[in-house]
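One structure is given here, and the rest of the page talks about it.
Every read-out reported here was derived from the displayed coordinates using simple, explicitly stated rules and does not represent laboratory data. Here the structure is a predicted model, which is why all the values come from computation and not from measurement. Here the Cβ positions follow ideal geometry from the backbone for every residue, glycine too, while neighbour counts run over all protein chains shown.
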Amino acid sequence: MVRYLVVVCSRCGGYRVVSGVQKTFRCFSCGNVSSLKQELVVAYASSAEEARHVIAHLKISRAAKRETSKP
Ligand SMILES: [Zn+2]
């Protein structure tokens, strides 16, 4: 059962874990409030711990991408 969603802020791109019942979420980084749209959901998790692991991996892969895109 999916209880947690990993969402990305539409303004700053920061990751957040939200509960599946929420309709909106506020970004911890920039304070932007977004409605919980399907296109902002990057992953699903069954526990908060799993969601944190997902975010850690997303940050690593994003950093790696940034590294390779340097001129
Ligand atoms: Zn943000």
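Before moving on, here are some points about what is shown:
- The loop-placed trypsin sites (Lys or Arg not before Pro) in the chain, going by DSSP, that have at most 14 neighbouring Cβ atoms within 10 Å of their Cβ come out as 3, 11, 23, 37.
- The chain - mean residue ellipticity at 222 nm from DSSP helices (-39,500 (n - 2.57) per run, n ≥ 4, rounded to 500): -10500 deg cm²/dmol
- Percent RCO, i.e. relative contact order, over the chain, from Cα pairs under 8 Å lying at least 6 residues apart: 33
- Contour excess over end-to-end distance, with Cα ends at residue 23 and residue 38 and 0.36 nm allotted per residue: 4.3 nm
- Folded to 0 to 90 degrees: helix 48-68 orientation relative to the chain principal axis, Cα: 20
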